[in-house]
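I have placed the structure first, in the form of structure tokens, so that the comments after it can refer back to it.
The values are calculated or read from the model by the stated rules, or taken from the named source; none is laboratory data. Quantities reported herein were computed from a predicted structural model and do not represent experimental measurements. Because the Cβ atoms are built from the backbone with ideal geometry, glycine has one as well, and the counts that use them run over all protein chains shown.
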Amino acid sequence: MTKPKKIDHIGIAVASIEDTLPFYMGVLNLELVGLEEVRSQGVKVAFLKIGESKIELLEPLTDESTVAQFIKKRGEGIHHIALGVISIEERIKEIKEKGVNMIHDEPVNGAGGAKVAFLHPKSSKGVLYELCEKQ
């Protein structure tokens, strides 16, 4: 079984990236390194660099998106932890062989051109983990 390379990023659900960025940039002094919409996931994202990892702010594009539902249910805050992996398809197979349920049985396109897949939080004690393979 291959090990994750690192924590690629920590996803934080926010109602508004525009309203949230001043805290992360002005107070925490983090550098904004990317801003994009990921329509397939229903989110606008902002990446802020911290060491070799990032913080990913997730703003819902619609009231029906999973991030919007998360905010309605739990409020703004930590949404997921993304683990940087090599060969995401192999990691999904290994994880499923251990009896872990996946939200995505196959990788989907994520922010920054990454291939991503989420583990179901019911299989990981309530924590939403994302496997993230950068191209």
### Message
Take ILE88 and tell me if it is buried (at least 17 other Cβ atoms within 10 Å of the Cβ) and closer than 18 Å to PHE118 by Cα.
### Response
yes
#### Entry: Subset tally (residues that are exposed (fewer than 14 other Cβ atoms within 10 Å of the Cβ), of a type outside the set (Gly, Ala, Ser) and either within 12 Å of the chain's Cα centre (by Cα) or not in a strand (DSSP E or B) (or both)) for the stretch 1-39
11
### Query
What number of residues within the stretch 40-50 satisfy the criterion of being part of a helix (DSSP H, G or I) and surrounded by 11 or more Cβ atoms within 10 Å (Cβ to Cβ)?
1
### Message
Suppose we keep only residues that are of a type outside the set (Val, Ile, Thr) and assigned to a loop (DSSP other than H, G, I, E, B) within the stretch 51-69. Which one would you say is nearest to ALA82 (Cα to Cα)?
### Response
GLU52
### Summary
Counting only residues that are under 13 Å from the mean Cα position of the chain (by Cα) and either surrounded by fewer than 17 Cβ atoms within 10 Å (Cβ to Cβ) or over 25 Å from LYS6 (Cα atoms) (or both), the stretch 71-80 contains a total of 2
## Note on the structure
Apart from one, (1) in contact with a helix residue (DSSP H, G or I) (Cβ under 9 Å, 6 or more places away or on another chain); (2) modelled with pLDDT of 95 or more all hold for THR66; the odd one out is (2)
### Task
List every residue pair whose Cβ atoms lie under 8 Å apart, where the two residues are 6 or more positions apart in sequence or sit on different chains, the first residue falls within the stretch 108-135 and is of a type in the set (Asp, Glu), and the second residue, located anywhere, is assigned to a loop (DSSP other than H, G, I, E, B).
GLU130/GLY110; GLU133/VAL85; GLU133/ILE86; GLU133/SER87; GLU133/PRO107; GLU133/ALA114
### Task
Considering each residue of the stretch 56-70, count those that are more than 21 Å from PRO107 (Cβ to Cβ), under 14 Å from the mean Cα position of the chain (by Cα) and of a type in the set (D, E, K, R), and give that number.
1
### Task
Would you be able to tell me the number of residues in the stretch 73-91 that are part of a helix (DSSP H, G or I) and under 20 Å from SER40 (Cα atoms)?
2
#### Entry: Selection from the stretch 8-19 of residues that are in contact with a Lys or Arg (Cβ under 9 Å, 6 or more places away or on another chain) and not charged (D, E, K, R)
HIS9, ILE10, ALA13, ILE17
### Message
The conditions are (1) small (Gly, Ala, Ser); (2) at pLDDT 95 or above; (3) under 13 Å from the mean Cα position of the chain (by Cα), and GLY42 fails exactly one of them. Which is it?
### Response
(2)
